[in-house]
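Here, each number is a calculation from the coordinates, and none is a lab measurement. A quick note: this is a predicted structure, and the numbers were derived from the prediction, not measured. Note that we place each Cβ from the backbone using ideal geometry, even for glycine, and neighbour counts take in every protein chain shown.
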Amino acid sequence: MGADGVRSRARELVFPAAEIRHLGLYGAIFSVPGTYGLDHEGLMHSVPGRCATIMRTGGETRAALDFASPPLAYDHRDRRGQRELIATAFDGLGWEIPSLLREMRTAEDFYFAPAAQVVLPRYASGRVVLLGDAAHAPGPGGMGSGLALIGAYVLAGELAAAPDHHTAFARYERELRPHVEPCRKQAQGAAGYLVPRKRAQIWRRNQIMRLLSHLPGKNLINRLTVPSPIALKDYAAPPDRREQAPAPRRPATAAHPADPR
Ligand SMILES: Cc1cc2nc3c(=O)[nH]c(=O)nc-3n(C[C@H](O)[C@H](O)[C@H](O)COP(=O)(O)OP(=O)(O)OC[C@H]3O[C@@H](n4cnc5c(N)ncnc54)[C@H](O)[C@@H]3O)c2cc1C
């Protein structure tokens, strides 16, 4: 099983001609100490081509530093080199950015990735199956984290239920793919929205965000922007494992409603 992200080595081995669409954006996310005065909220600071976000949800504060760029050559195992890319892109900017860059240097959960979409004709080949971004990265704004977790749940469930892995892989893809496509479509415009290239675009994006947070039906709007809610199946455990089977799950969606991005 290849769950090794957008730059999946497992995918390269089984689908060497996979289509990878670079969306013109790179981003880092990491935890920062303190609250920055936030409570289930986020703050964004943008200049053309760069955007810093601080968000606090679920008792954790995280920073995201995103910048527009054509494809870059870098070593995806070299965290120090990736931190340098971010430091260079945000060098000289004000607001909280100098302190965020200091925190980034030591953040243990530092995550760096290109905004890219992965388009595959199939998620499995023979005994190899791909999941998460390796199989179907939608890019930012496409609910990629939720899709990855749901895909893992569906794959595990279908493997437990099916007589063989061929059947399980086919059922896993049949369940998941219809939800992946709308997420991918939604993400296609999101990179420009997240990191606008022009001052006028930043101004327009900020006005929309300000307006949204004051609308009375904002929770409903949040739900309506979920491209494709998924009702998860309850997979029965095989008879010999039924004793330890977890409690049935409630339907879930790939959305993370508290995530301002
Ligand atoms: C700028 C940006 C903003 C985003 N914003 C959001 C958002 O707001 N909401 C959202 O839901 N999603 C967002 N996403 C997408 C989200 O980050 C991904 O969809 C999600 O992380 C995919 O999870 P994954 O486990 O499939 O892959 P990853 O999180 O990439 O994890 C893959 C893991 O495999 C490891 N790995 C790679 N190769 C090997 C190997 N050979 N052996 C062992 N391990 C290996 C990597 O180190 C990594 O830890 C964003 C993405 C970007 C780039």
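Could you order peptides 166-173, 7-14, 25-32, 55-62 by the average number of other Cβ atoms within 10 Å of their residues, highest first?
With the highest mean Cβ count within 10 Å placed first, the list reads 25-32, 166-173, 7-14, 55-62.
List residues of the stretch 74-108, by number, whose backbone nitrogen lies under 14 Å from a label position 7 Å along Cα→C-beta of Ile20.
Backbone N within reach: 74-78.
Percentage of Cα-Cα pair distances in the stretch 33-185 greater than 19 Å, rounded to whole percent?
63
Set the Förster radius R0 to 41 Å, insert the Cβ-Cβ distance between Lys198 and His165 as r into 1/(1 + (r/R0)^6), and round the FRET efficiency to 0.05.
Efficiency at R0 = 41 Å is approximately 0.25.
As a test of understanding, state the convex hull volume per residue of the stretch 1-56 from its alpha carbons, in Å³.
125
Quick one: Kirkwood hydrodynamic radius for the stretch 24-103, alpha-carbon pairs, angstrom, one decimal?
Details: mean 1/r = 0.0756 Å⁻¹.
Kirkwood radius, the stretch 24-103: 13.2 Å.
Measure nothing but the geometry: give the 0 to 90° angle between the long axis through the Cα atoms of 199-214 and the longest principal axis through the Cα atoms of the chain, rounded to 10°.
70
Take the eigenvalues of the Cα gyration tensor for the chain, scale each by 5, and report the square roots as semi-axes in whole Å, largest first.
Taking √(5λ) for each Cα gyration eigenvalue gives 34, 22, 18 Å.
With the Cα gyration tensor of the stretch 114-178 giving a ≥ b ≥ c as the square roots of its eigenvalues, does the rule (a/c under 1.5 for rounded; else a/b larger than b/c for prolate; else oblate) give rounded, prolate or oblate?
Prolate shape, in that a/c is at least 1.5 and a/b is the bigger ratio.
Over all directions, average the projected area of the Cα convex hull of the stretch 101-225 and note it in nm².
Across all orientations, the stretch 101-225 yields a mean hull projection of 10.9 nm².
Can you compute the modelled spin-label distance between Arg177 and Leu13, with each label point 7 Å from Cα toward Cβ, in nm?
Taking the simple label geometry, Arg177 and Leu13 are separated by 2.4 nm.
Using only Cα atoms, tell me the angle between helix 144-161 and the longest principal axis of the chain; keep it within 0 to 90° and round to the nearest 10.
10
Hey, what angle do you get for helix 165-187 against the long axis of the chain, alpha-carbon based, 0 to 90 degrees rounded to 10?
Tilt relative to the chain: about 20 degrees.
Counting other Cβ atoms within 10 Å of each Cβ, which trypsin sites (Lys or Arg not before Pro) in the stretch 174-222 have at most 15 and sit in a DSSP loop? Numbers along the way, then the final one.
Numbers: sites: Arg174, Arg184, Lys185, Arg197, Lys198, Arg199, Arg204, Arg205, Arg210, Lys218; in loops: Arg197, Lys198.
Of the trypsin sites (Lys or Arg not before Pro), the ones in loops of the stretch 174-222 whose Cβ has at most 15 other Cβ atoms within 10 Å are Arg197, Lys198.
If I model a spin label at Val119 and Met209 as a point 7 Å from the Cα along the Cα→Cβ vector, what separation in nanometres do I get?
3.0
Provide the FRET efficiency to the nearest 0.05 for the Asp75-Leu43 pair, computing r from the beta carbons and using R0 = 35 Å. Working shown, then result.
Values: r = 32 Å, r/R0 = 0.90.
Given R0 = 35 Å and the Cβ-Cβ separation, E is 0.65.
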